[in-house]
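S.K.: Please see the structure below; I have some questions.
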């Protein structure tokens, strides 16, 4: 597993439930907590 | 269910999250009706982002769990506890082997915490997630 602690976060563009894009850079100047869910069901 | 418990615990610290300028995004690999139902049923107020290809999951080392990690004693113990508290078991709707985790990124875009759960119930403590942000209190 690649440990990225101390390194730049992986850039992403992911879409929300209504299709709106979310980019890593949208969260600049904030702490960002990504909670990776297991299966939703 | 353990993921929902983790999110529930985070919600209980919502005021601290706001005070520390922490934004939360939940990432899922599921899509379609399952996603909409989840947001509705859990009244999730944070963004739920779809990583259908699991690109970001893999980039942060969240792969498939082993049989022992997914169905072993620690997992059984967690589910029994949740059942005892009145939570209901649900039939899984998708890939139950995909591992989850938490990644905390600072305002300059640097990863401070990268935590991959080894099993369904393995999540960092909320205090662990908040610790790097102490200077923002």
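S.K.: Just to be sure, is residue B:35 at the interface with chain A (Cβ under 8 Å from one of its Cβ atoms), buried (at least 16 other Cβ atoms within 10 Å of the Cβ) and under 15 Å from residue B:116 (Cα atoms)? Before the answer, list the steps.
M.R.: On the way: at the interface with chain A (Cβ under 8 Å from one of its Cβ atoms): yes; buried (at least 16 other Cβ atoms within 10 Å of the Cβ): yes; under 15 Å from residue B:116 (Cα atoms): no.
It is false that residue B:35 is at the interface with chain A (Cβ under 8 Å from one of its Cβ atoms), buried (at least 16 other Cβ atoms within 10 Å of the Cβ) and under 15 Å from residue B:116 (Cα atoms).
S.K.: How many of the residues making up the stretch B:43-55 are in contact (Cβ under 8 Å) with a residue 24 or more places away in the chain and buried (at least 21 other Cβ atoms within 10 Å of the Cβ)?
M.R.: Qualifying residue count for the region: 2.
S.K.: I'd like the full set of residues that are within 7 Å of chain B (Cβ to nearest Cβ), surrounded by 11 or more Cβ atoms within 10 Å (Cβ to Cβ) and touching a strand residue (DSSP E or B) at 6+ places or on another chain (Cβ under 8 Å), limited to the stretch A:4-20. Step through it out loud before you land on a result.
M.R.: First, pick out the residues of the stretch A:4-20 that are within 7 Å of chain B (Cβ to nearest Cβ): A:4-10, A:12, A:14-17.
Now drop any that are not surrounded by 11 or more Cβ atoms within 10 Å (Cβ to Cβ), which leaves A:4-5, A:7-10, A:12, A:14-17.
The answer is A:4, A:5, A:7, A:8, A:9, A:12, A:14, A:15, A:16, A:17.
S.K.: Pairs needed: first member in the stretch A:21-33, more than 7 Å from chain B (Cβ to nearest Cβ); second member anywhere, modelled with pLDDT of 95 or more and assigned to a strand (DSSP E or B); C-beta distance under 6 Å; at least 6 residues apart or different chains.
M.R.: From residues that are more than 7 Å from chain B (Cβ to nearest Cβ), the pairs are A:21/A:13; A:21/A:15; A:23/A:13.
S.K.: Continuing with this model, one more query. For the stretch B:56-81, what are the residues that are in contact with a strand residue (DSSP E or B) (Cβ under 9 Å, 6 or more places away or on another chain) and either buried (at least 18 other Cβ atoms within 10 Å of the Cβ) or within 22 Å of residue A:22 (Cβ to Cβ) (or both)?
M.R.: Correct list: B:56, B:57, B:60, B:61, B:62, B:65.
S.K.: Still on this model: Taking interchain pairs and intrachain pairs at least six residues apart, which have beta carbon atoms under 6 angstrom, with the first residue in the stretch B:13-26 and without any contact (Cβ under 8 Å) to a residue 60 or more places away in the chain and the second part of a strand (DSSP E or B)?
M.R.: B:23/A:32; B:24/A:33; B:25/A:34; B:25/B:49; B:26/A:35; B:26/B:48
S.K.: Of the conditions (1) out of contact with any strand residue (DSSP E or B) (no Cβ under 8 Å at 6 or more places or on another chain); (2) farther than 14 Å from residue A:38 by Cβ; (3) at the interface with chain A (Cβ under 10 Å from one of its Cβ atoms); (4) modelled with pLDDT under 95, residue B:119 fails just one. Which one is it?
M.R.: Going through (1) out of contact with any strand residue (DSSP E or B) (no Cβ under 8 Å at 6 or more places or on another chain); (2) farther than 14 Å from residue A:38 by Cβ; (3) at the interface with chain A (Cβ under 10 Å from one of its Cβ atoms); (4) modelled with pLDDT under 95 one by one, residue B:119 breaks only (2).
S.K.: When the residues of the stretch B:43-82 are filtered to those that are assigned to a helix (DSSP H, G or I) and at pLDDT 90 or above, which remaining residue is farthest from the other protein chains (Cβ to nearest Cβ)?
M.R.: Of the residues in the stretch B:43-82, the ones assigned to a helix (DSSP H, G or I) are B:55-59, B:67-71, B:73-82.
If we keep only those that are at pLDDT 90 or above too, we end up with B:55-59.
Working: B:55: 8, B:56: 5, B:57: 6, B:58: 9, B:59: 4 Å.
It comes out as B:58.
The values are calculated or read from the model by the stated rules, or taken from the named source; none is laboratory data. Please read these numbers as outputs of a predicted model, since none were measured by experiment. When we count neighbours, we look across all protein chains shown, and the Cβ atoms used for this are built from the backbone with ideal geometry, even at glycine.
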